[in-house]
Amino acid sequence: MRVLVTGGAGFIGSHIVAELLEAGHEPLVLDALLPSAHGDRPPAPHPGVPRLTADVRDPEAVTAALRGVDAVCHQAAMVGLGKDFADAPDYVGCNDLGTAVLLAAAARAGVKALVLAGSMVVYGEGRYTCPAHGTVRPGPRAVADLDAGRFEPGCPDCGEPLTPGLVGEDAPTDPRNVYATTKLAQEHLAAAWARSTGSAAVSLRYHNVYGPGMPRDTPYAGVASFFRSSLANGRPPQVYEDGRQRRDFVHVRDVAHANVLALSALHAGGGAPFTAYNTGSGDPHTIGEMATELARAHGGPDPVTTAAYRLGDVRHITADSTRLRTDLGWHPRITFTEGMKEFAGARLRGDAERTG
Ligand SMILES: NC(=O)c1ccc[n+]([C@@H]2O[C@H](COP(=O)([O-])OP(=O)(O)OC[C@H]3O[C@@H](n4cnc5c(N)ncnc54)[C@H](O)[C@@H]3O)[C@@H](O)[C@H]2O)c1
Ligand SMILES: [Zn+2]
């Protein structure tokens with residue numbers, strides 16, 4: 001299968017390219033090598049894999065890249081929370097206009113299979129149970145509560161403490177920041193494209209992806225890389241809130257494998273026009289546990305919990321990835337402990353000259 005991997009020079013995309021090669025497929029990459037992702041030191045292309053340096057918003061470049069392609073794996077996006085709201089046009093441009101240009105070109109080229117890098121951020125705050133009110137979805141947390149160290153969202157009806165649960169794909173979406181909004185719009189565009197062209201699209205809603213090659217501590221990076229960078233500099237990881245916020249950390253090679261399975265299933269045909277799959281390990285941990293595990297594997301220093309917070313962060317978000325296991329036969333192959341041990345000594349993108 002010949003697969004166009006957009007964003008194939010990025011953290012996840014480059015692992016997908018490796019996994020495709022290993023499975024005997026023929027990847028090619030289109031990537032704009034964004035400075036916000038790569039600084040002025042873009043990575044070398046994967047040996048033997050053609051790489052077109054172009055923006056997904058460029059219809060001619062995308063049309064050329066799609067020639068002879070069986071399926072598209074769309075990873076290109078601006079990621080993270082960004083610096084402030086002034087970034088919104090860039091996020092919407094890269095992520096949504098970019099997706100629209102890509103899909104229009106795919107429609108013209110007759111390419112009928114698309115796997116999209118989705119995200120769990122489309123759910124907003126996770127799913128909770130109130131002893132009195134059953135399943136509830138709390139709204140954004142109030143600044144006054146966060147300032148007072150009240151990090152757990154209460155029941156929207158009675159204010160009582162809630163028990164966090166697993167989020168399924170059919171949970172209502174509730175994007176809470178610009179990035180999340182653009183990730184949800186990408187899914188809607190992919191679904192509209194699939195229905196109107198007789199194609200099929202899958203969104204893999206990744207949870208917190210980590211592993212070798214993860215970007216270093218930029219405003220666009222994930223929490224595991226902040227901790228990893230602190231440790232590399234001899235500083236304790238700074239854990240926000242009280243460290244008890246829960247996430248599902250999924251290893252980048254497991255995510256790459258899910259992409260290859262989804263591409264193969266789409267290529268085989270017969271699926272629904274659009275399917276979303278949560279892509280998480282199914283083994284949630286708190287951010288505090290993650291920091292502790294990384295610090296231990298690194299040989300210290302121990303993490304500190306700061307009570308600081310970022311507005312827009314959700315408290316708990318953990319996936320139910322049963323559908324991905326059942327439909328595509330995926331299962332994570334790297335445990336939390338193994339993955340964090342490897343990550344503690346792994347090279348991050350942007351620190352090639354340093355140790356590790
Ligand atoms: N890392 C995570 O934990 C995570 C979680 C959920 C979803 N995702 C999604 O996974 C995908 C890959 O993310 P990543 O973590 O590898 O990020 P990344 O920044 O390492 O990779 C993204 C790549 O896309 C390229 N790119 C961005 N905009 C482009 C454009 N307009 N045209 C061409 N190329 C462009 C960048 O140059 C970069 O190489 C993204 O769609 C992201 O939203 C990531
Ligand atoms: Zn209640």
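For this structure, a couple of remarks:
- Amide N of the range 153-193 lying under 13 Å from the label point, which is placed 7 angstrom from the Cα of Thr135 along Cα→Cβ: 165-173
- With Cα atoms, 0 to 90° folded angle of helix 98-109 axis to the chain main axis: 30 degrees
- The range 224-278 shape via C-alpha gyration tensor axes, a/c threshold 1.5: prolate
- Counting DSSP beta bridges with both ends in the chain, the antiparallel % (nearest 5): 20 percent
- A straight line joining the Cα centroids of the range 89-103 and the range 7-56 runs 18 Å.
- Residues listed by number, the range 292-324, amide nitrogen under 14 Å from Thr337 label point at 7 Å toward C-beta: 293-294, 296-297
- Proximal aspartates and glutamates relative to Lys183, as straight alpha-carbon distance under 14 Å, when same-chain residues fewer than 8 apart are discounted: Asp90, Asp96, Asp174
- Stretch gain in nm, segment Arg235-Ala104, where the contour uses 0.36 nm per residue and the Cα spacing is subtracted: 42.4 nm
- Charge dipole (the range 273-356, unit charges on Cβ, about Cα centre) - positive-most of Ala297, Phe274, Ser321: Phe274
- Trypsin sites (Lys or Arg not before Pro) restricted to DSSP loop in the range 82-165 with at most 16 other C-beta within 10 Å: Lys83, Arg150
- Segment Arg296..Asp84, full-extension length gain: 72.9 nm, with 0.36 nm per residue of separation and the alpha-carbon distance subtracted.
- At R0 = 35 Å, FRET efficiency that the Cβ-Cβ distance of Arg2 and Cys158 yields, to 0.05: 0.05
- Taking 18 Å as the straight-line reach from the Cα of Lys83, the aspartates and glutamates in range (excluding those fewer than 8 positions away in the same chain) are Asp217, Asp313.
- Value at 222 nm in deg cm²/dmol, rounded to 500, when DSSP H runs of n ≥ 4 in the chain each add -39,500 (n - 2.57): -10000 deg cm²/dmol
- Between 0 and 90°, nearest 10: helix 252-268 axis offset from the chain longest Cα axis: 40 degrees
- Efficiency of FRET from Cβ geometry, Ser196 and Asp70, R₀ 22 Å, rounded to 0.05: 0.65
- Choice from Ser225, Ser119, Ser264 with maximal GNM fluctuation in the chain (Cα, 10 Å cutoff): Ser264
- Gyration tensor verdict on the range 1-65 (Cα atoms; rounded if a/c is under 1.5, prolate if a/b is larger than b/c, oblate otherwise): oblate
Bear in mind that the values in this text are calculations on the coordinates, not laboratory data. Note that the structure is a prediction, hence the values are computed from the model and not measured. Note that each Cβ is placed from the backbone with ideal geometry, even for glycine, and that neighbours are counted across all protein chains shown.
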